[in-house]
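In what follows, a structure is listed as structure tokens, so that the remarks can point back to it.
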Amino acid sequence: MYKHLIAVTNRSLCPGDYLTQIERICAHHPRAVLLREKDLPLDEYLPLAQQVKERCDRHNVPLIVHNYPEAAIELQIPRLHLPLARLRELDTPDNWEWLGTSCHSMEQLNEALSLGATYVFLGNVFETTCKPGVPAKGLDLLRQVCQKSTVPVYAIGGISLERLPSVLEAGAAGGCMMSGFMRL
């Protein structure tokens, strides 16, 4: 099951030592780890990314850098995830093995594809405590996006091991799980 999941990090959800938790996550061999520590400036993100990369490499789990192309370049990580607004500004969309963004509609999917995305996250598929009050997009939109997309689609928002089968049945390549991984 874990091979269909991308682990999305969030230090604030980690009950113990963060790097120990990253090691534990990698031992489950998810599809990838997305280092999404959005509160960190580049000078703090970069050393953390190096430490997470070492753990990912030890378990042969791909690491995806979030928001900082310069960190990915410096650490020689060919996988980058950007908010759609940042993807619009990216000068080098062809330099990445994996280039992803998050979408919330069919229109955003079309834009992401035109900007060179090689995968997308669609969310929030289910209600989630990370975005209280934001209604779920639902499995119907996920199914429609998966049918139209020419790149892998990963569901995000309220994803759990129990919900993963319905996400896969809708046509998604997998799901992105934050809380479930940060509390393994």
Within region 1-20, how many residues turn out to be in a helix (DSSP H, G or I) and under 21 Å from Glu162 (Cβ atoms)?
-> 4
Taking region 21-30, which residues are surrounded by fewer than 20 Cβ atoms within 10 Å (Cβ to Cβ) and either outside any loop (DSSP other than H, G, I, E, B) or of a type in the set (Lys, Arg) (or both)?
-> Glu23, Arg24, Ala27
Would you point out which residue out of Leu34, Leu40, Leu48 is part of a helix (DSSP H, G or I) and of a type in the set (A, V, I, L, M, F, W, C)?
-> Leu48
Within the bounds of region 160-175, is there any residue that is in contact with a Ser or Thr (Cβ under 9 Å, 6 or more places away or on another chain), under 22 Å from His66 (Cβ atoms) and of a type in the set (A, V, I, L, M, F, W, C)?
-> no
Scanning region 61-78 for residues that are surrounded by fewer than 14 Cβ atoms within 10 Å (Cβ to Cβ) and either touching a residue at least 24 places away in the same chain (Cβ under 8 Å) or of a type in the set (A, V, I, L, M, F, W, C) (or both) gives Glu70
What single numbered condition from (1) under 15 Å from Leu5 (Cβ atoms); (2) in contact with a Leu (Cβ under 7 Å, 6 or more places away or on another chain) fails to hold for Ala71?
-> (1)
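Any read-out appearing in this document is the output of simple, stated calculations on the displayed coordinates, not a laboratory observation. The model shown is predicted, which means the values in this text are computed figures rather than measured ones. Virtual Cβ from ideal backbone geometry, glycine too; neighbours counted across all protein chains shown.
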